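K.L.:
Have a look at this one before I ask anything.
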Amino acid sequence: MNLLSCTNLSKSYNDGTSQVDVLKQVNFSLQSGEQVAILGNSGSGKSTLLHILGALDSPTEGQVTFQQQDIFAFSAKQQAQFRNQHLGFVYQMHHLLPEFSAIENVAMPLLIGKQSSSKAKKSAQNMLDRVGLSHRLEHKPSQLSGGERQRVAIARALVTNPSIVLADEPTGNLDDKTGQSIYELIRELKQDFQTSFVIVTHDQKLASKLDKIWQLQSGVLTQSAPKDMMVNV
Ligand SMILES: Nc1ncnc2c1ncn2[C@@H]1O[C@H](COP(=O)(O)OP(=O)(O)OP(=O)(O)O)[C@@H](O)[C@H]1O
Ligand SMILES: [Mg+2]
(Lines give C-alpha, C1' and ligand atoms only; values in the text may rest on other atoms or scores of the structure.)
(Ligands and ions follow the chains in the order given, each with its own letter.)
Protein backbone atom coordinates (compact mmCIF):
# COMPACT_ATOMS: atom_id res chain seq x y z
CA MET A 1 0.00 0.00 0.00
CA ASN A 2 1.21 3.48 -0.87
CA LEU A 3 1.73 5.20 2.47
CA LEU A 4 3.51 8.49 1.84
CA SER A 5 4.05 10.32 -1.44
CA CYS A 6 5.66 13.51 -2.56
CA THR A 7 4.81 15.17 -5.86
CA ASN A 8 6.95 17.95 -7.34
CA LEU A 9 7.84 19.16 -3.87
CA SER A 10 9.88 22.35 -3.76
CA LYS A 11 10.96 24.63 -0.96
CA SER A 12 12.57 28.04 -1.45
CA TYR A 13 13.44 30.86 0.88
CA ASN A 14 13.30 34.38 -0.44
CA ASP A 15 14.55 37.28 1.65
CA GLY A 16 13.65 39.91 -0.94
CA THR A 17 17.08 40.15 -2.55
CA SER A 18 18.03 36.53 -3.16
CA GLN A 19 16.31 33.17 -3.39
CA VAL A 20 17.59 29.91 -1.92
CA ASP A 21 16.10 26.79 -3.50
CA VAL A 22 16.44 24.18 -0.79
CA LEU A 23 14.30 21.40 -2.30
CA LYS A 24 13.84 21.04 -6.04
CA GLN A 25 10.97 19.02 -7.48
CA VAL A 26 11.23 16.08 -5.10
CA ASN A 27 9.16 13.04 -6.07
CA PHE A 28 8.83 9.70 -4.32
CA SER A 29 6.39 7.15 -3.13
CA LEU A 30 6.94 5.13 0.02
CA GLN A 31 5.12 1.84 0.52
CA SER A 32 3.79 0.62 3.84
CA GLY A 33 6.60 -1.18 5.69
CA GLU A 34 9.30 0.29 3.49
CA GLN A 35 12.41 1.61 5.26
CA VAL A 36 14.53 4.19 3.50
CA ALA A 37 17.75 6.02 4.32
CA ILE A 38 18.38 9.51 2.97
CA LEU A 39 22.03 10.42 2.60
CA GLY A 40 23.32 13.84 1.66
CA ASN A 41 25.85 16.51 2.52
CA SER A 42 25.27 19.11 5.18
CA GLY A 43 22.93 21.77 3.82
CA SER A 44 21.49 19.54 1.08
CA GLY A 45 17.95 19.90 2.46
CA LYS A 46 17.51 16.68 4.46
CA SER A 47 16.02 18.19 7.63
CA THR A 48 13.87 20.53 5.56
CA LEU A 49 12.44 17.55 3.68
CA LEU A 50 11.70 15.59 6.85
CA HIS A 51 10.01 18.58 8.45
CA ILE A 52 7.76 19.00 5.43
CA LEU A 53 6.92 15.27 5.38
CA GLY A 54 5.84 15.63 9.00
CA ALA A 55 3.79 18.77 8.27
CA LEU A 56 6.09 20.73 10.59
CA ASP A 57 6.98 23.07 7.73
CA SER A 58 5.15 23.78 4.48
CA PRO A 59 6.40 23.46 0.90
CA THR A 60 6.61 26.33 -1.57
CA GLU A 61 5.18 24.07 -4.26
CA GLY A 62 3.99 20.51 -4.59
CA GLN A 63 2.12 17.97 -2.54
CA VAL A 64 2.63 15.46 0.23
CA THR A 65 0.02 12.76 0.66
CA PHE A 66 -0.34 10.31 3.53
CA GLN A 67 -2.65 7.37 2.73
CA GLN A 68 -3.78 9.34 -0.35
CA GLN A 69 -4.72 12.42 1.69
CA ASP A 70 -3.06 15.78 1.11
CA ILE A 71 -1.53 16.64 4.49
CA PHE A 72 -1.45 20.37 3.67
CA ALA A 73 -5.20 20.36 3.03
CA PHE A 74 -5.66 19.31 6.67
CA SER A 75 -6.70 21.86 9.28
CA ALA A 76 -4.18 22.56 12.05
CA LYS A 77 -6.14 20.21 14.29
CA GLN A 78 -6.13 17.43 11.68
CA GLN A 79 -2.38 17.90 11.18
CA ALA A 80 -1.80 17.56 14.91
CA GLN A 81 -3.94 14.43 14.91
CA PHE A 82 -2.04 13.01 11.94
CA ARG A 83 1.24 13.57 13.77
CA ASN A 84 -0.02 12.10 17.03
CA GLN A 85 -1.71 9.02 15.57
CA HIS A 86 0.41 8.04 12.59
CA LEU A 87 3.79 9.66 12.84
CA GLY A 88 6.87 9.33 15.01
CA PHE A 89 9.44 12.10 14.64
CA VAL A 90 13.04 11.97 15.86
CA TYR A 91 14.43 15.50 15.59
CA GLN A 92 18.04 16.30 14.80
CA MET A 93 18.19 18.24 18.07
CA HIS A 94 16.15 15.75 20.15
CA HIS A 95 13.69 18.46 21.44
CA LEU A 96 12.94 16.73 24.71
CA LEU A 97 11.00 18.75 27.27
CA PRO A 98 13.63 19.84 29.81
CA GLU A 99 11.37 19.97 32.85
CA PHE A 100 10.08 16.41 32.38
CA SER A 101 11.80 13.10 33.17
CA ALA A 102 12.71 10.52 30.52
CA ILE A 103 9.61 8.44 31.22
CA GLU A 104 7.36 11.52 31.16
CA ASN A 105 8.85 12.68 27.86
CA VAL A 106 8.22 9.28 26.29
CA ALA A 107 4.70 9.01 27.75
CA MET A 108 3.78 12.48 26.45
CA PRO A 109 2.47 11.49 22.97
CA LEU A 110 0.26 8.84 24.58
CA LEU A 111 -1.10 11.31 27.12
CA ILE A 112 -1.78 13.78 24.31
CA GLY A 113 -3.59 10.90 22.56
CA LYS A 114 -5.79 10.64 25.70
CA GLN A 115 -4.38 7.44 27.16
CA SER A 116 -4.60 6.98 30.91
CA SER A 117 -1.51 8.02 32.82
CA SER A 118 -0.81 4.54 34.21
CA LYS A 119 -1.10 2.88 30.80
CA ALA A 120 1.02 5.57 29.13
CA LYS A 121 3.77 5.24 31.76
CA LYS A 122 3.81 1.47 31.39
CA SER A 123 4.25 1.70 27.60
CA ALA A 124 6.89 4.41 28.04
CA GLN A 125 8.79 2.22 30.49
CA ASN A 126 8.67 -0.74 28.06
CA MET A 127 9.97 1.40 25.21
CA LEU A 128 12.76 2.91 27.34
CA ASP A 129 13.67 -0.63 28.29
CA ARG A 130 13.93 -1.52 24.58
CA VAL A 131 16.42 1.31 24.01
CA GLY A 132 18.47 0.28 27.06
CA LEU A 133 17.40 3.04 29.44
CA SER A 134 15.40 1.29 32.15
CA HIS A 135 17.93 2.62 34.69
CA ARG A 136 17.34 6.26 33.71
CA LEU A 137 13.56 6.59 33.84
CA GLU A 138 13.43 9.49 36.27
CA HIS A 139 16.35 11.48 34.86
CA LYS A 140 15.65 14.81 33.21
CA PRO A 141 17.26 15.55 29.82
CA SER A 142 19.96 17.73 31.46
CA GLN A 143 20.94 14.70 33.58
CA LEU A 144 21.37 12.44 30.55
CA SER A 145 24.27 12.01 28.14
CA GLY A 146 23.86 12.99 24.48
CA GLY A 147 23.38 9.38 23.38
CA GLU A 148 20.90 8.76 26.19
CA ARG A 149 18.88 11.81 25.17
CA GLN A 150 18.88 10.53 21.60
CA ARG A 151 17.56 7.17 22.77
CA VAL A 152 14.80 8.85 24.80
CA ALA A 153 13.84 10.76 21.63
CA ILE A 154 13.76 7.48 19.67
CA ALA A 155 11.60 5.87 22.37
CA ARG A 156 9.23 8.84 22.27
CA ALA A 157 8.88 8.53 18.49
CA LEU A 158 8.13 4.80 18.66
CA VAL A 159 5.91 4.58 21.74
CA THR A 160 2.66 5.26 19.87
CA ASN A 161 3.41 2.48 17.38
CA PRO A 162 3.21 4.90 14.42
CA SER A 163 2.78 3.82 10.79
CA ILE A 164 5.78 5.91 9.81
CA VAL A 165 8.83 7.18 11.62
CA LEU A 166 10.77 10.18 10.31
CA ALA A 167 14.17 10.28 11.97
CA ASP A 168 16.91 12.88 11.58
CA GLU A 169 20.31 11.35 12.41
CA PRO A 170 18.92 9.03 15.12
CA THR A 171 22.22 7.24 15.74
CA GLY A 172 24.52 10.27 15.43
CA ASN A 173 25.67 10.15 19.07
CA LEU A 174 25.58 6.43 19.67
CA ASP A 175 28.39 3.93 20.08
CA ASP A 176 28.47 0.79 17.91
CA LYS A 177 26.77 -1.47 20.40
CA THR A 178 23.92 0.91 21.18
CA GLY A 179 23.57 1.70 17.47
CA GLN A 180 23.24 -2.04 16.87
CA SER A 181 20.32 -2.29 19.32
CA ILE A 182 18.58 0.54 17.46
CA TYR A 183 19.05 -1.26 14.11
CA GLU A 184 17.51 -4.37 15.67
CA LEU A 185 14.59 -2.40 17.03
CA ILE A 186 13.93 -0.94 13.58
CA ARG A 187 14.01 -4.42 12.02
CA GLU A 188 11.64 -5.83 14.64
CA LEU A 189 9.18 -3.00 14.13
CA LYS A 190 9.12 -3.76 10.42
CA GLN A 191 8.53 -7.44 11.08
CA ASP A 192 5.91 -7.01 13.78
CA PHE A 193 4.05 -3.88 12.69
CA GLN A 194 5.11 -3.03 9.10
CA THR A 195 6.47 0.28 10.43
CA SER A 196 7.90 2.49 7.67
CA PHE A 197 10.99 4.58 8.29
CA VAL A 198 12.56 7.52 6.52
CA ILE A 199 15.91 8.03 8.19
CA VAL A 200 18.30 10.84 7.45
CA THR A 201 21.70 9.53 8.37
CA HIS A 202 25.45 9.64 7.86
CA ASP A 203 25.63 6.21 9.46
CA GLN A 204 26.49 3.88 6.57
CA LYS A 205 25.92 0.83 8.71
CA LEU A 206 22.39 1.92 9.53
CA ALA A 207 21.71 2.82 5.89
CA SER A 208 22.88 -0.63 4.78
CA LYS A 209 20.27 -2.28 7.03
CA LEU A 210 17.35 -0.49 5.35
CA ASP A 211 15.49 -1.41 2.15
CA LYS A 212 16.58 1.56 0.07
CA ILE A 213 19.06 4.40 0.04
CA TRP A 214 18.16 7.72 -1.49
CA GLN A 215 20.53 10.63 -2.04
CA LEU A 216 19.74 14.27 -1.60
CA GLN A 217 22.18 16.56 -3.37
CA SER A 218 21.57 20.31 -3.34
CA GLY A 219 17.84 19.71 -2.98
CA VAL A 220 17.56 17.08 -5.72
CA LEU A 221 16.47 13.60 -4.63
CA THR A 222 17.87 10.60 -6.48
CA GLN A 223 16.58 7.14 -5.71
CA SER A 224 17.86 5.11 -8.63
CA ALA A 225 21.20 3.73 -7.47
CA PRO A 226 20.94 0.22 -6.09
CA LYS A 227 21.86 -0.04 -2.42
CA ASP A 228 24.63 -2.61 -2.84
CA MET A 229 26.57 -0.40 -5.19
CA MET A 230 26.62 2.56 -2.85
CA VAL A 231 27.50 1.19 0.53
CA ASN A 232 30.45 -0.90 1.48
CA VAL A 233 30.20 -2.05 5.05
N1 LIG B 1 14.74 29.91 7.26
C2 LIG B 1 15.67 29.75 6.33
N3 LIG B 1 16.01 30.78 5.49
C4 LIG B 1 16.94 30.62 4.52
N5 LIG B 1 17.61 29.48 4.32
C6 LIG B 1 17.34 28.43 5.10
C7 LIG B 1 16.36 28.51 6.14
N8 LIG B 1 16.30 27.29 6.76
C9 LIG B 1 17.21 26.50 6.12
N10 LIG B 1 17.83 27.19 5.14
C11 LIG B 1 18.88 26.65 4.25
O12 LIG B 1 18.41 25.46 3.65
C13 LIG B 1 19.50 24.56 3.42
C14 LIG B 1 19.10 23.16 3.87
O15 LIG B 1 18.99 23.11 5.29
P16 LIG B 1 18.72 21.73 6.03
O17 LIG B 1 18.65 22.02 7.49
O18 LIG B 1 17.56 21.07 5.41
O19 LIG B 1 20.06 20.92 5.67
P20 LIG B 1 20.50 19.45 6.10
O21 LIG B 1 20.67 18.66 4.85
O22 LIG B 1 19.58 18.92 7.12
O23 LIG B 1 21.94 19.73 6.74
P24 LIG B 1 22.68 19.04 8.00
O25 LIG B 1 23.23 17.72 7.51
O26 LIG B 1 23.78 20.00 8.31
O27 LIG B 1 21.71 18.89 9.11
C28 LIG B 1 20.69 25.14 4.16
O29 LIG B 1 21.59 25.67 3.20
C30 LIG B 1 20.11 26.25 5.02
O31 LIG B 1 21.00 27.31 5.14
MG1 LIG C 1 19.79 18.49 9.13
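The values are calculated or read from the model by the stated rules, or taken from the named source; none is laboratory data. Note that this is a predicted model, so its numbers are computed, not measured. Quick reminder, even Gly has a Cβ in these numbers, built from the backbone with ideal geometry, and neighbours come from all protein chains shown. In case anyone asks, the SASA skips ligands and DNA or RNA and just uses the protein heavy atoms, side chains included. Shrake-Rupley method; radii C 1.70, N 1.55, O 1.52, S 1.80 Å.
K.L.:
Rounded to the nearest 5, what % of DSSP beta bridges with both residues in the chain are antiparallel? Can you show the working numbers first?
P.N.:
On the way: 19 of 36 bridges.
Within the chain, antiparallel bridges account for around 55 percent of the total.
K.L.:
Obtain the nm distance between the two label points defined at Thr178 and Gln217 by a simple spin-label model: each point lies 7 Å from its Cα along the Cα-to-C-beta direction.
P.N.:
That separation, rounded to one decimal, is 3.4 nm.
K.L.:
Over the range 82-137, consider all pairs of different Cα atoms and compute the Kirkwood hydrodynamic radius from their mean reciprocal separation; express it in Å, one decimal. Spell out each step's value before the answer.
P.N.:
Numbers: mean 1/r = 0.0847 Å⁻¹.
Its Kirkwood hydrodynamic radius stands at 11.8 Å.
K.L.:
Ordering Asp70, Asp211 from largest to smallest accessible area (1.4 angstrom probe), what's the sequence? Don't skip to the answer; put the middle values down first.
P.N.:
Values: Asp70 45, Asp211 65 Å².
The residues order as Asp211, Asp70, largest area first.
K.L.:
Can you give the alpha-carbon Rg of the range 11-162 over 2.2 N^0.38 Å, where N counts its residues? List each step's numbers first, then the result.
P.N.:
Values: Rg = 17.3 Å, N = 152, 2.2 N^0.38 = 14.8 Å.
The reported ratio for this selection is 1.17.
K.L.:
Another question, if that's okay. Could you estimate the translational diffusion coefficient of the range 129-182 from the Stokes-Einstein equation, with Rh from the Kirkwood formula over C-alpha pairs, at 20 °C and 1.002 mPa s, in whole µm²/s? Write down the numbers at each step before the final one.
P.N.:
On the way: Rh = 11.7 Å.
Roughly 184 µm²/s, to the nearest whole number.
K.L.:
Can you sort Glu99, Glu104, Glu34 by 1.4 Å-probe accessible area, starting with the largest? Kindly include the intermediate steps, with their values, before the conclusion.
P.N.:
Details: Glu99 110, Glu104 60, Glu34 25 Å².
Largest accessible area first, the list is Glu99, Glu104, Glu34.
K.L.:
Turning to a different aspect of this structure: Show log10 I(q)/I(0) for the range 114-218 at q = 0.10, 0.11, 0.23 Å⁻¹, two decimals, from a solvent-free Debye sum over equal Cα scatterers.
P.N.:
The computed values of log10 I(q)/I(0) come out as -0.29, -0.35, -1.39.
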